[in-house]
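The values are calculated or read from the model by the stated rules, or taken from the named source; none is laboratory data. Computed from a predicted structure; not experimentally measured. Here the Cβ positions follow ideal geometry from the backbone for every residue, glycine too, while neighbour counts run over all protein chains shown. The accessibility values were calculated without ligands, DNA or RNA, using every heavy atom of the protein model including side chains. Shrake-Rupley method; radii C 1.70, N 1.55, O 1.52, S 1.80 Å.
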Amino acid sequence: EKGGFDHFMLKEIFEQPRAIRDTFRGRLLTDEAIVKMSGVEDNMKKFLNADRIIVVACGTSWHAGLVSEYIFEDLARIPVEVEYASEFRYRNPVITEKDVVIAISQSGETADTLAAIKLAKSKGAFVFGVCNVVGSSIARETDAGAYTHAGPEIGVASTKAFTTQITVLTLMALRLARAKGTISSSDFRRYLIELELIPEKVKKALESDAYVKTIADIYKNAKNFLYLGRGFNFPVALEGALKLKEISYIHAEGYPAAEMKHGPIALIDEQMPVAVIATKKGHYEKVVSNIQEIKSRKGKIIGIVTEGDKTVKDLADHVIEVPETEEFLTPLLTTIPLQLLSYHIAVMLDKNVDQPRNLAKSVTVE
Ligand code: M6R
């Protein structure tokens with residue numbers, strides 16, 4: 001049942017090329033230069049007339065929502081707010097009929113997300129679900145939606161659900177960008193071709209596994225970890241930190257790289273491993289100067305870089321390469337080594353990877 005892997009989590013990490021391809025199936029029609037999503041097509045007017053999109057979710061799904069904020073705003077020029085479902089529902093939020101709410105949930109059973117949906121619906125908003133589990137409560141409660149088709153996710157730590165959620169949200173952003181004319185038809189075509197290459201590139205990113213394991217061995221006894229990223233990869237830093245906390249019980253924090261100087265830099269000393277996402281596009285020079293700041297305070301740097309990178313290689317203690325792609329697609333690749341890093345550390349510490357303490361696969365209490 002674990003397909004030859006030691007844990008469901010590892011199986012699910014390695015399933016991602018296939019899972020992402022399944023998410024595309026029937027939707028990404030590169031030859032015809034079409035993105036087909038009936039849930040979006042059928043409600044196109046609602047999306048096009050929306051003043052803004054509000055994303056509600058929890059945990060890893062919330063991180064996928066944050067990635068989508070950058071993508072929707074960049075490609076489709078629609079303002080997006082991303083809310084923790086639990087905060088949103090308890091604070092008398094301003095919601096109108098002109099809002100589109102996107103609820104993201106792997107299980108489709110998360111109580112806080114479900115309650116946020118009910119609240120948004122009662123205020124007249126149109127609610128769109130991005131779920132993995134077919135026929136789940138959230139899938140049923142929403143007005144329309146798109147499944148991620150990742151297949152069952154058993155490991156409590158969410159992995160393939162995250163990348164397939166980002167894939168669905170990217171397809172939506174591309175479809176809406178095309179409808180709104182916010183990207184040219186040549187860019188649109190180029191992006192579709194690039195998106196179609198992602199499963200192969202995820203496969204390449206997975207080849208870092210053995211090397212990531214050696215890094216895990218070096219830092220497995222660290223008491224704290226810091227994760228930094230900017231732009232599209234800031235939420236990936238948050239997600240990297242969450243993965244480590246959940247399964248290895250090591251304290252970790254994710255931060256936007258530029259915020260470091262406003263406080264967290266005080267934590268850095270020779271005991272502090274810092275994973276920095278520093279892919280070629282996305283504010284590369286700025287991230288490089290953040291890396292220099294860490295280095296001069298003796299922090300240990302694990303760089304996640306674009307294949308062939310030289311600058312970060314010279315500065316960092318370790319670099320893990322991922323293939324080059326369009327900037328907005330980099331989270332689908334940079335997240336892979338961070339999943340593997342947390343997995344290997346947890347295994348080395350002899351933790352229960354698939355069922356970490358105090359956690360359940362779906363949180364059905366409010
Ligand atoms: O099923 P959902 O996507 O609604 O679950 C949301 C969170 O409970 C979930 O992502 C949680 O944070 C995971 N354990 C993260 O790995």
For segment 200-287, which trypsin sites (Lys or Arg not before Pro) pass both filters: DSSP loop (anything but H, G, I, E, B) and at most 10 other C-beta atoms within 10 Å? K223
Rounded to whole Å, give me the distance from the Cα center of segment 59-96 to that of segment 107-139. 14 Å
Counting heavy atoms of the protein chains only and a 1.4 Å probe, report the per residue accessible area for segment 61-157 as a whole number of Å². 37 Å²
Work out, step by step, the length gained on full extension between V363 and K180: first 0.36 nm times the residue separation, then minus their alpha carbon distance; give nm to one decimal. 62.2 nm
For R140 and E1, extending 7 Å from Cα along the Cα-Cβ vector and measuring point to point gives, in nm, a value of 2.5 nm
Beyond 19 Å between alpha-carbons counts as too far, so tell me which of K213/K300; K220/K313; K36/K180; K295/K351; K203/K245 fall in that bin. K220/K313; K295/K351; K203/K245
Would you mind telling me the share, in percent, of accessible area of the chain contributed by carbon and sulfur at probe 1.4 angstrom? 48 percent
What's the local net charge at E83, with K and R +1, D and E -1, over the other residues with C-beta under 10 Å away? 0
How high is the relative contact order of the chain, given as a whole-number percent (alpha carbon pairs under 8 Å, six or more residues apart)? 19 percent
Most fluctuating residue of P235, P273, P79 in a GNM of the chain with Cα springs under 10 Å: which is it? P79
Potential lengthening between E97 and E73 on full extension [0.36 nm per residue; Cα-Cα distance subtracted]: 6.6 nm
Neighbourhood charge, 15 Å Cβ-Cβ cut-off, centred on E153 and excluding it, Lys, Arg +1 and Asp, Glu -1: -2
Read phi for every residue in segment 133-141 and hand back ³J(HN,Hα) as whole Hz from Karplus 6.51 cos²θ - 1.76 cosθ + 1.60, θ = phi - 60°, with x for Gly and Pro. 7, 5, x, 5, 4, 5, 4, 7, 7
Summing -39500 (n - 2.57) over the DSSP H runs of n ≥ 4 in the chain and dividing by its residue number, what mean residue ellipticity at 222 nm do you reach, to the nearest 500 deg cm²/dmol? -14000 deg cm²/dmol
For segment 157-162, in residue order, the Karplus 3J(HN,Hα) values (coefficients 6.51, -1.76, 1.60; θ = phi - 60°; whole Hz; Gly and Pro = x) are 6, 6, 10, 5, 5, 4
Loop trypsin sites (Lys or Arg not before Pro), segment 1-106, which have at most 14 other Cβ atoms in a 10 Å radius of their Cβ (DSSP): K2, R25, K36, R77, R91, K98
Tally Lys and Arg at +1 and Asp and Glu at -1 over the other residues with C-beta under 13 Å from the C-beta of V305: what net charge comes out? -2
Could you give the angle, 0 to 90 degrees to the nearest 10, between helix 234-248's Cα long axis and the longest principal axis of the Cα atoms of the chain? 70 degrees
Share, in percent, of DSSP beta bridges within the chain that are antiparallel, nearest 5: 5 percent
In whole angstrom, the spacing between the Cα centers of segment 260-317 and segment 321-366 equals 20 Å
Extending each Cα 7 Å along its Cβ direction at L29 and L315, get the distance between those two points in nm, one decimal. 4.6 nm
